[in-house]
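Below you'll find the structure, written out as structure tokens, and then a few comments.
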Amino acid sequence: MVTIDEMNLKIIKMLEEDGRMTYKEIAERLGRAESTIRDRIQNLEEVGIIKGYRAVVDKHRLGWECDAVVLCNADPFSLNKALDVLSKHEHVHELLQISGDRRLLFRVRTKNSRELEEFITKEAMPLGLVNVDIRMVIGCMPKGCEKNENGNEKPRNKRVRELNRMQVQ
């Protein structure tokens, strides 16, 4: 059993901001021994509080220009199948069961609007989706980013800013 004390909360917050921080970096910032930080992180991982680490990828730079949020309901008899298929589909990047008039919300990324339309009409709708409302994403403010003077996203983390500067040079 892991106690979620102030130190663990600080470690979690630091890793959420930069999952690549080393034990040494965290230890230095918190004024603790590196071994203490390592043990705490390992304990948080073992009990499933920290489930993993991932890269934040700019989908637009990969050619995924169309970003949409779909709100809908599913026929009760096909709900489980729809959830299963959508959760595994390459275009679906987030899938949530929510409260309200429409009980499903999923985020779809495709290369263009034609591909989005084909996905919705040929793959999603046949799963028993009804009352479909598609909203195009026109702007996104990812957690961990802020805008610079030009209006472009600027990572808050100093390490990420340094890496970005190195790539530009």
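The values are calculated or read from the model by the stated rules, or taken from the named source; none is laboratory data. Owing to the predicted nature of the structure, the values given are computational and were not obtained by experimental measurement. Reconstructed Cβ throughout: ideal geometry from the backbone, glycine too, with neighbour counts over all protein chains shown.
Observations, loosely collected:
- Pairs, first within 20 Å of Pro76 (Cα to Cα) in the range 115-129, second part of a helix (DSSP H, G or I) and of a type in the set (A, V, I, L, M), C-beta under 6 Å, six or more apart: Leu127/Ala82; Leu127/Val85; Gly128/Ala82
- Qualifying residue in the range 78-92 (condition: assigned to a strand (DSSP E or B), under 30 Å from Met125 (Cα atoms) and at pLDDT 95 or above): yes
- Of the residues making up the range 54-81, those that are polar (S, T, N, Q) and surrounded by 14 or more Cβ atoms within 10 Å (Cβ to Cβ) number 2.
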